[in-house]
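Below is one structure, written out as C-alpha cells; comments come after it.
Since every read-out is calculated from the coordinates, none of them should be taken as a lab result. All figures in this text were calculated on a predicted structure; none of them were measured in a lab. Note that each Cβ is placed from the backbone with ideal geometry, even for glycine, and that neighbours are counted across all protein chains shown.
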Amino acid sequence: MSTERIGYTCAYTPLPLLHAAGFIPHRVLPTSAPQIPDLAGAYLHDNLCPHVKRVLDRVLAGDLPDDLTGLVIVNSCDAMRRLADALVGRSAAQVALVELPVCGGPAAVEFLTIELEQLQTRLCAWSGLPPSEDRLRQSIALYDELAGALDRLRERAIDGRLDGGFGALQASVNRAVTRPPEESLAELRRMPQQGGQGRRGVPIYLFGNLLADVEALELIESCGARVAGEDVCTGSRQLTGLGPAPDGPLLPWLADRMLARPPCARTLPERGGSELAALVVQGARRCGARGVVAHVLKFCDPYLARLPRVRQALRDASLPLLVLEGDCTLRSLGQHRTRIEAFIEMLD
Amino acid sequence: MILPYFENLVSGIETKLRDLEGTDEPRARKRFALEIARLGVRLFGGREPVAWCGVLAPFDLLSAMGVTSCFAEFVGAMLASTGGVEPMLAATEGTGYSTDGCSYHRAVTGATQQGLMPRPDFLVATSAPCTGGLAMMENLARHFDKEMFVIHIPTRDEPDVVGYLAGQLRELVRFVEVRTGRPLDRRRLAEAMERTNRTRELLLEVYELARSRPSPARRRDLFNFGLVVSLLLGTETAVDVARTYRDEFARRVAAGVGGVPGERVRLMWLQNRIQFRSPVEQLLEQAGVAVVVDEFNTVTWDSIDPDDPFEGIARRTLSIPLCRPAQRRIDLLQRLARDYQVDGVINPCHWGCRQGTGMRGLVEEGMRQVGVPVLNLEVDCIDPRNFAPGQLVTRIEAFVELIEDRRGARDGG
Amino acid sequence: MADDTHYLGVDIGSLSCDAVLVDAWGEVVAWAVVPTGARNLEAIASARQQVLERAGLDANAPVSVVATGYGRSRVEDRLAAVTEITCHARGIQALLPGTTLLVDIGGQDSKAILLDSKGRVVEFAMNDKCAAGTGRFLEAMARAMQVELQQLGELDRLARSGSLTLSSMCTVFAESEVVSLVADGAEVPQIVGALHRAIAARTQALVRRVCPDTAARAVAMSGGVARNLGVVRAIGSLLGCEIAVPPEPDTVGALGAALIARERAGA
C-alpha cells in the first residue's frame, strides 16, 4: 500500500490509474475552512467557479497533505483549464492535465485512450513503478468494490436506515476519497449495518455539481426534506462502478467507461442521447420525488446554461424546482434554509 | 428585422464606395464592412444552406462545401453595435438564464427565443474557446431541432492531437456531405485553401505595416478585424479585403501618416472591443492614444497544403492561443507588446468570460515580466445597461498619466 | 375547539416584529407592531403582550402561536415555525381573495409568490442578497434628498413626464448619484420618479422568475414598501396590471401565520 498521494479535483479522474501507479488518490475538496485566505481571484478572476478558486486557495496556502506528489487536473471546463494554468509553477506538486473529450464516440475514446497512456507514463515516472496491467486490473476491481459499498450506503440513507442520513453518507464519501481505498472499504465494512429512523420527510430529488459540505446535506434534511434520489458530482457521481474489466487491453475500455459514466453537464450527450433536462425528470420520477432541488455553484456555465430547459421540462412534468446557488462556503446556508423550508412547505 | 438591416447596410456602403472611387480617401474598412454585411445578407436571407458555428470552426472548409457559416456570437456583437441587444438579454432573463453568464451567448439565446436567428441546416460547435459557448450551441441545436457536429479541441498541439483534430475535420466533411447532399469537391477545396494562403500572406503584410510608428491604422480600421475576417477565409473576397488594407497601410506608412493624429501613447487591446456605442475610442483618440494592436489581429498559423489541408487546418486551429494553456497566450502577448512597441495594455475583462477574463491575474503577471503595465477594465462588451462611462474614462485617463509619468522617469525627467 | 381560543401569528423581521391575533373564526381581533431592535426575545414578548392587551385578553389566555420571519426559531412555546413565504401567501389570500401573485417588498428583501385560490404557494422567488429596491434603500434615498420617507409616494405625482434614469442600483452608489443630482439642481419629484422606476424594473425581473405573463392577473403587494403608492404605481405600470394593497401591508405575514396556527391547532 502506498503512502504517496496524488491530488485530484474532478469526478472524471481515472482513480484506478492513479492507484495502480502506486499512489493514494486524494480528492482536494473545496473545504469551508475560513482561515484560508481568498487569493485565487488575484491570480485568475473573482467571478470564476468557487470550487476552482477554493482549490487554488488551498494550494497557495499549502493546505495540502505533505506527501502530495502531484495533481491530476481534468480539462472538464474553462475554470479547470485555468486552474491548471495557475497551478503550474505555484505548487510544489507536479501537475498533469487530462484532456477529456466533450462527448463520446469512437474518435473520442481513441483519443482519450492515448491521454490515459500518457497519464499512466507520467504517473509511473513520478512513482518509479512500471506500468502494470495486473495492478490496474486490481485497482479497477478495488474501486468498483468501494463504489458498490458507497452505493449500498446511499440506499440505506435514502431508505432512512442510516444514522445521520445524507449528512453521514456525505461524511463517508468525503473520507473515502481522501484515504487509501483499502482503508475506506474496511471502514465501511465495520460500520453498523442497521440504524436510522426510517423514511421521514418530503421526498425530493437533488441534482447539480458540487455539494460536499456535510452541513449542507444535514440542513436539507433538517428542513423536512428527504433525499429520495441524487445526482451530484461529490455524491453519487463521484465514485461509480466501471463494471468488470475485460480480458483485453484495459486503457481503451477505461476511456470508454469514463465517457459513459453518469454525466456532468459539461459532457454533451451523443447524438440521440438524453439532455440534462430529460435525465433530471427521469431521475425525479424514478425515485418518487415530489419536487426537485438543484444545487449549482455560482459561475458554473455548463449547469447555468441548462437550467432553463430543466425548469421547463420539470414544469411540463408538474414537478416544482428549487434552485440553490452555492459558493463552497457555509455563509449562504442561512438563506438556503428559508428557501428550502418554504419549498418543503409548498410540497407538503 | 435583421435582414433589412444588412441589406440597407450593403447598399449604403456600396454607394459610399462608389463615391470614393478615384479619390485617395481611405476605404479598406468600408470594403471589410461591406463584405461582412453581404455575409449577413446571406446568413439571414434564407436562400442558402447556413450553419451556426463555434468561434474556431473551419469557415473556409465549410464555404468550400457551399455552406454559409458564421460563429453565433457574431449576432450578439451585431445586435450590440446596432443598439438592439437589450430586449434580447431581457428575454433570456425572463426564461431563467443567469445574468452571470457571458452576454454574447445570452444575446444569441435571446435572439433565438425572439425568433430572430435564422434556422440553420445544421450546427458545428467547437469545445474551444469556451465551455459557455459550447453550452449555448447545444441549446441552439435543441431549440432548432437540428443536428450538431461537435469538434473537440484539446489544449496540446503534439502530432497525435493534430491527427485527432484532422480526423474530426474529415468526419465533419462526411457530416456536411450527408446534410447538403453534395460531396466534397477536392478541387474547390484546394482552390479555397490557396485563397486562404494568399489571404494569410497579405494579412501578415498588413500586420507588419501596422507595427510602424506612427501606426497607419485609424481608430476603427482593425476593430473586430482578425476574428471576423476568418469568416471570409477561402474566398477571393478575403484576398481582396486583405489586399485593400495592405495597399492602404503601405501608402500611409510611405507617407509617414499615422492613423491617430498626434499619436503619443501606444496601447494593445486584449480579446474583444466594446461592441456597443461608447465614448471610449473617441476619448482615447482625443488624448493621442492609439490602440496599435488587438490581440486577435495576428496570424499564428502556417500556410496550409491545398491538396491535403486537414492537418494544416488542425494545426491552424491549435495555433490560436484561445484554446491553449495560458502561457501560450502570454507568450504571444509579450511578443506583440515588443513588436508593436506598446506602452500599455488594456484588458477589457468581459463579464462572464471564464476562459479569457478568468486568467486576468496571469496576464497581468506576464506583462509585468516585460515591464508593460495593464489596465483591467471590468466591463460588459455587449450589455450596455451597466456601462458607467465616467468610471471607465477616469481609469483610462489615470492609466495614460501613469504611462506618461513612467516615460518621463525613464527618459530622465 | 373552544370558542375562546385565539391564534397568534408573530413575524419577526429585521426591522419590526409584527403580531396579529385572530379568533376561532379567523377574524382579526388585534394587531401590534414593535421595533425588533437588538433583543428579539424582548420584542417578541412585547408584541405578544401588546396584542393581547388590545384584544382585552388576559396575559395568560390560551393562544396557539405560529412564528415566521427570520427570527422564527427563537419564539418559544410555538406550535410551529413557518417560513414567511407560506405565511404571506395565506395572509394575502384572506385579505384579498382571488390574488394569484403577491409581490412583497420588505425592509431588506423582496419576494414574488405565485399562489392558488386556497392561498397555497405554487412557486416563489426571493431576492435577499441585495438591499437595492427595499425599504432600507428607500430610507437612504429619502435621506439623500432630505425628504420624509412617507412623502415619496406622493412626490412623484408632481414630476413632469420623466426621462431621468438612475444608472446605479447599488444602494451605496445610488445614494451618491442622488446627492449629485440634487446638487446639480434636478427636481426632487423627477428623482423620486426615477427611483420608483428603478425599483419597478428590479421587481419586474423578480416577478418574471415566477410569472412570465402578469397582464390580467390579480396582483397584490405587501411589505412596508407597499405603503409607497408611487412604487406601487410604477410596478403596476411595468407589469401591465392593477396592484391591490391591503391596509397595514406589513402585517400580512403575521396574519398568515395566525391563520395557519388556527388551521393546524383546530385540525
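Things to note:
- Candidates B:L79, B:L362, B:L39: whichever shows maximal mean-square fluctuation once chain B is modelled as a Gaussian network with Cα springs under 10 Å: B:L362
- Span from the segment C:7-45 Cα centroid across to the segment C:169-236 one, whole angstrom: 28
- Chain B: most fluctuating residue of B:V280, B:V176, B:V67 per GNM, C-alpha cutoff 10 Å: B:V280
- Three-way shape call for segment A:91-181 based on the alpha-carbon gyration tensor, with the a/c threshold at 1.5: prolate
- Relative exposure of B:H105, B:H350, judged by other C-beta atoms within 10 Å (fewest first): B:H350, B:H105
- Over chain B: helical MRE at 222 nm, DSSP H runs n ≥ 4 each giving -39500 (n - 2.57), nearest 500: -17000 deg cm²/dmol
- Among beta bridges that DSSP assigns inside the protein assembly as shown, antiparallel share in %, nearest 5: 25
- Sparsely packed trypsin sites (Lys or Arg not before Pro) within segment A:310-344, loop by DSSP, other Cβ within 10 Å at most 16: A:R331
- Non-local Lys pairs in the protein assembly as shown, i.e. 8 or more apart or on different chains, that have alpha carbons under 16 Å apart: 4
- Spatial separation of Cα centroids for segment B:305-339 and segment B:1-41, in angstrom: 31
- 11 Å reach of a label modelled at B:K146, 7 Å along Cα-to-Cβ, counting backbone N of segment B:58-96: B:68-70, B:72
- Look at the Cα gyration tensor of the protein assembly as shown: its axes a ≥ b ≥ c give a/c of at least 1.5 with a/b at or below b/c, and that counts as oblate.
- Global form of segment A:234-348, assessed from the alpha-carbon gyration tensor, a/c cut-off 1.5: prolate
- Among C:I105, A:I140, B:I2, the ranking by other beta carbons within 10 Å of each residue's beta carbon, starting with the fewest, stands as B:I2, A:I140, C:I105.
- Burial ordering of A:E230, A:E325, fewest other beta-carbon atoms within 10 Å first: A:E325, A:E230
- From helices alone, chain A scores -15000 deg cm²/dmol at 222 nm; the rule is -39500 (n - 2.57) for each run of n ≥ 4 DSSP H residues, then divide by the residue total.
- Rounded Å value of the spacing that divides the Cα centres of segment A:11-51 and segment A:158-183: 20
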